[in-house]
Amino acid sequence: MQKPGIPTNEEERLSELRRLKILDSEQEKDFDELVELASLICGVPISLVTLIDANRQWFKSKKGISDNSTHRDVSFCGHAINGDDIFIIENAVADERFFDNPLVTADPNIRFYAGMPLKSENGYNLGTLCVIDSKPKKINEDQVRALKILSGQASKLIELRDKKNELEINNQKLESLNQLNNRITSIISHDLKGPINSLRAYLNSNYIDADSPEDLSQLFPLVKNNLNSLNELVENLLEWSRSTNDVNFIQVKIKDLVIEVCYLFEGNAIEKNIELNCELKDDFMVEADISMLRFIMRNLINNALKFTENGAVKVEAEKISPNKVKIKVIDSGIGIPKDLLERIKLKDKKVSTKGTRNEKGTGLGLQLVREFLSIHKTELNIESEENKGSTFSFELPLFSDK
């Protein structure tokens, strides 16, 4: 038995097959109708739409056969994808390449085979549309032409299927962003007014004597906290606006990004006597939108500093599987009470609490962190123990160019 040759562009061909996300997908009526038509036109009991994977041929659609796949080494279609024209075997037992093939000597007892390659939009032969009979057979020019047309239609179906899936994903993202936009509008109407009204109340208070240093010294930290809260809200909204305009997944060196973000908080850490450790042991390359990832890290580190005094905040990254890394922000702060932790874990709940120095928050940052992680198809995990500290973590895929 002669095994099929491996195409010279095999690595790229398999990458194209993975990109299309069609392997092991459900049966689809459009493909089933094509194999039914191919069987009728050629007068054969078996017809298939096959896709040639690294070690198997998998059947996207089938007629007259019960198996879902066979090994690539015994596949006729593995031979067919090495050319661009139709591959025909009129009598397999009389062909030195196939006479002792298990698919010839046993069920389904192949004698006749005709397979036309399925070519992707980028020019790779992914598999075939083929017809099979257990008796020797010849097909005429019209039948050959019909198989070529049906193969072309199957190739177009694969591409249309991919475009449809891409459109559905984009629609889901758009719907998610629209929902977030509505929530942001609601938050702005409430949280933007809060600090402003509070400042107005302080400044208009009859109990504040502008000529009294003591009154002014009491007013200063109140004004500072409200301005910081207002600034945080505006920064979060601006970052949300920038990030959601153009989601772009690229290769990101997590070590460099963490150092960049931590640098912004060195002053805060010194002021609160916090050891800020952002030196990652490994330099992982992740696949992410860099603007969103920067926002996520900035909010989580800021949050850790907010609830820590005279302690430590540390960022860690560890490989948890061949293609995933877990990123953690760990603090030794005041922790989160159980009842509050349960509220925070409710993803649609906006929770805001004051820090160790009465730093105000809006609760918007954590909501946006969750939204951005959702776009990355991951989620935020929170572990906390009161008076001992908290750990906020999430997972990201390691970058792959395949």
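Quick notes
- Scope region 315-332; condition among the polar types (S, T, N, Q) and not in a loop (DSSP other than H, G, I, E, B); matching residues: SER321
- Filter result for LYS377 (in contact with a Ser or Thr (Cβ under 6 Å, 6 or more places away or on another chain), within 18 Å of ILE290 (Cα to Cα), in the same structural domain as THR308 (by TED's automatic domain parsing) and modelled with pLDDT of 90 or more): no
- Residues in region 258-308 that are among the hydrophobic types (A, V, I, L, M, F, W, C) and part of a loop (DSSP other than H, G, I, E, B): 7 in all.
- Residue match in region 138-149 (condition: crowded, with 16+ Cβ neighbours inside 10 Å, more than 26 Å from the chain's Cα centre (by Cα), assigned by TED's automatic domain parsing to the domain that holds GLN57 and under 26 Å from ARG56 (Cβ atoms)): yes
So that you can scan it fast, the table gives a plain yes or no per residue for (1) modelled with pLDDT of 90 or more; (2) among the small types (Gly, Ala, Ser); (3) surrounded by fewer than 22 Cβ atoms within 10 Å (Cβ to Cβ); (4) part of a strand (DSSP E or B):
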residue	(1), (2), (3), (4)
ASN310	yes, no, yes, no
VAL313	yes, no, no, yes
ILE334	yes, no, yes, no
ASP339	no, no, yes, no
SER352	no, yes, yes, no
ASN358	no, no, yes, no
GLU383	yes, no, yes, yes
PHE392	yes, no, no, yes
LYS402	no, no, yes, no
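- Checking every residue in region 52-71 against the condition of being among the acidic types (Asp, Glu), over 28 Å from the mean Cα position of the chain (by Cα) and surrounded by 14 or more Cβ atoms within 10 Å (Cβ to Cβ) gives zero matches.
- Hits in region 16-33 - residues which are surrounded by 15 or more Cβ atoms within 10 Å (Cβ to Cβ) and more than 13 Å from ILE158 (Cβ to Cβ): ASP32
- Filtering region 371-381 to residues that are crowded, with 16+ Cβ neighbours inside 10 Å and not hydrophobic (A, V, I, L, M, F, W, C) leaves GLU371, HIS376, THR378.
- Taken across region 119-131, residues that are closer than 17 Å to LYS63 by Cβ, without any contact (Cβ under 8 Å) to a residue 60 or more places away in the chain, in the same structural domain as PHE31 (by TED's automatic domain parsing) and surrounded by fewer than 16 Cβ atoms within 10 Å (Cβ to Cβ) do not occur at all.
- Members of region 302-313 that are under 18 Å from ASN387 (Cα atoms), touching a residue at least 40 places away in the same chain (Cβ under 8 Å) and not hydroxyl-bearing (Ser, Thr, Tyr): ASN303, ALA304, LEU305, LYS306, PHE307, GLU309, GLY311, VAL313
- Residues that are among the hydroxyl-bearing types (Ser, Thr, Tyr), touching a residue at least 40 places away in the same chain (Cβ under 8 Å) and closer than 20 Å to LYS319 by Cβ, drawn from region 375-401: THR391, SER393, SER400
- In this entry, GLN2 passes the filter for residues that are in contact (Cβ under 8 Å) with a residue 24 or more places away in the chain, exposed (fewer than 14 other Cβ atoms within 10 Å of the Cβ), touching a Lys or Arg at 6+ places or on another chain (Cβ under 7 Å) and among the polar types (S, T, N, Q).
The values are calculated or read from the model by the stated rules, or taken from the named source; none is laboratory data. None of the values given here were measured: they were computed from a predicted structure. FYI the Cβ positions are ideal-geometry reconstructions off the backbone, even for glycines, and counts take in every protein chain you see.
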